[in-house]
Every structure is written in structure tokens, then in C-alpha cells.
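Presented below is the structure to which this report refers.
Derivation of every value follows stated rules applied to the coordinates shown; laboratory data play no part. This is a predicted model, so every value here is computed, not measured. Cβ: placed from backbone, ideal geometry, glycine included. Neighbour counts: every protein chain shown.
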Amino acid sequence: MRTREALRDALIALMVERGWDEVGIRDVCARASVGRSTFYTHFADKEELLLSGYDDLRRMLRSVGRGDSRKPLAFTRGLLEHAHDNKRMFRALVGKRSSQVAQTRFLQLVVELTREDLAGNRETTVQYVAGAFFQLLIWWVDSRSALSPEEIDAIFQRLTKPVLAEARLAR
């Protein structure tokens with residue numbers, strides 16, 4: 001676990017400094033003080049290393065979101081708070097300087113979380129809501145807006161409420 005965490009921390013730090021495309025496995029190993037063979041014992045490539053962090057984030061968001069199962073999309077508040085607490089990392093993951101790989105994988109995570117929360121809804125609704133949240137998150141992270149996570153979540157929930165009401169009628 002310590003090795004995996006050291007590798008993930010090294011990857012994130014290097015992404016913040018250089019961007020996804022400029023980081024190689026040798027760089028990650030050197031930063032983490034881990035040999036390349038040890039890296040490959042745990043991960044096939046740097047994308048798999050990145051995804052392991054997303055798996056941990058998913059677990060954390062699900063444990064936080066369980067408290068209010070009546071609220072659709074309860075994960076959004078926790079994700080916004082996490083992004084606020086880790087601004088530099090989120091700019092590296094989803095900001096305008098991030099890579100297509102990191103953004104695409106992060107969007108997939110948001111879509112999966114949305115799909116779980118909106119079970120029974122059409123896939124078009126899932127994609128629309130996830131895309132809206134993802135774009136709002138990117139804007140918020142990149143713009144360095146003074147809005148708090150609570151304010152951003154309230155805006156998102158308010159804008160999404162009519163969409164979810166319409167989706168319920170369409171079922």
C-alpha cells in the first residue's frame with residue numbers, strides 16, 4: 001500500500017509540475033524512490049496508476065454520499081470539496097492544461113457515479129447531467145472562482161433539478 005501511495009503521490013506531483021504528457025514512468029519511479037520493476041509489479045502503465053487514484057476517490061465519495069440517499073447526485077458535494085482541498089491536483093487532472101487522457105478518464109468516473117445515482121434513467125439523461133457537472137467543475141477549477149464548494153453544488157443542484165423532473169416524466 002505504501003509503495004502504491006508513493007507512486008500515486010509522485011505521479012500527481014509531477015503532473016502538477018509538468019503536465020501528463022511530460023511525465024514518464026522513470027520520472028515517477030525516481031520521485032517515489034521506487035525501482036521500475038517494482039512499479040510494474042503494481043501497475044501496467046501510468047494510466048493504470050492514475051486510475052487507481054480514481055478508484056480510491058470513488059470509494060471515498062460513495063462513503064460520504066451514503067448519508068443522504070434521498071438527494072440525487074449526493075456525490076457532487078464531496079467531489080467539489082475534494083477538488084477545493086486539492087486545487088493544484090485538480091487543475092492538473094481536469095484543467096485546461098491537463099491531458100485528454102486524464103480528462104477522459106475523470107469524465108468516465110463522473111459518468112459512472114452519475115449513472116449509479118440516476119439508476120433507471122435513460123442514458124441520455126446520465127450523459128447530459130454528468131457532462132454538465134464535469135464542465136462546471138472544469139470551469140470552477142480553471143477560473144479560480146471565489147465560489148465555495150457549497151455554492152457551486154447549490155447552483156448545480158438547482159440547474160439540474162428541472163432536468164431530473166423532466167426525466168422522471170419521460171419514464
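How far is helix 123-143 tilted, in degrees, relative to the longest principal axis of the Cα atoms in the chain, given as a value from 0 to 90 rounded to the nearest 10? The answer is roughly 60 degrees. Between 0 and 90 degrees, the angle of helix 75-85 with respect to the longest Cα principal axis of the chain falls at about 40 degrees.
Labels on offer are [x] 71.0, 238; [y] 17.2, 56; [z] 18.8, 59, and the one holding Rg and Dmax of the Cα atoms in Å computed from this structure is [y]. Angle of helix 100-117 to the longest C-alpha principal axis of the chain, folded into 0 to 90 degrees and rounded to 10: 40°. Note on Ile25 and Tyr128: the model spin-label points, each 7 Å out from Cα along the C-beta direction, lie 4.3 nm apart.
Computed from the C-beta positions of Ala119 and Arg18 and an R0 of 35 Å, the FRET efficiency is 0.35 to the nearest 0.05.
Separation of segment 118-171 and segment 9-30, taken as the distance between their Cα centroids, equals 31 angstrom. Considering only Ala32, Leu137, Leu113, and ranking their Cα positions along the charge dipole of segment 1-146 that arises from unit charges at the beta-carbon of Lys, Arg, Asp and Glu, the one farthest toward the positive end is Leu137. Cβ crowding within 10 Å, taken as a proxy for footprinting-reagent exposure, orders Ile25, Ile12, Ile155 from fewest neighbours to most as Ile155, Ile25, Ile12.
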